[in-house]
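Step one of this worksheet: look at the structure below.
The values are calculated or read from the model by the stated rules, or taken from the named source; none is laboratory data. Owing to the predicted nature of the structure, the values given are computational and were not obtained by experimental measurement. When we count neighbours, we look across all protein chains shown, and the Cβ atoms used for this are built from the backbone with ideal geometry, even at glycine.
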Amino acid sequence: MTETENAYRPEPLQVVTADTGGVTVVTVAGEIDHHTAAPLIEALEAGSHGERPRVVIDMQQVAFMDSSGINVLLIAHRNLTAAEGWLRLAGVQPSVMRTLDIVGVDQIITCHPTVSDALTL
């Protein structure tokens, strides 16, 4: 077995997008890092079109997120806010919430316990 065979290979990030009453709900499962963030970026870009785009990211199945994921969220927030829309997070797990809290993202992007709560306008 070679050294590269033992290298960490992250599982692809699973991202499902749905429209719920004019709000794009992006459900994410897996770890969000530099190697896996592309599907989330694509889903957020697709959800940011239209007049006053609104996006909720369901993070119930995300157990880990590094600085790459934080940057994805902040860029999406900036783009959606510039288009007079918004970004909300739902179901953030404690391990990820701790990271968001440490860097202050929870002060910029609102976090809700459930998708239902995040959809309440």
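At-a-glance table
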| read-out | value |
| --- | --- |
| Residue in segment 27-38 that is polar (S, T, N, Q) and at pLDDT 95 or above present | yes |
| Options Asp117, Asp19; residue that is modelled with pLDDT of 95 or more and of a type outside the set (Gly, Ala, Ser) | Asp117 |
| Pair list, Cβ < 8 Å and 6+ apart or interchain, from segment 105-117 residues that are within 15 Å of Ala76 (Cα to Cα) to residues that are charged (D, E, K, R) | Ile109/Arg88; Thr110/Arg88; Cys111/Arg88 |
| Matching residues in segment 83-99 - criterion: being within 17 Å of Leu40 (Cα to Cα) and part of a helix (DSSP H, G or I) | Val96 |
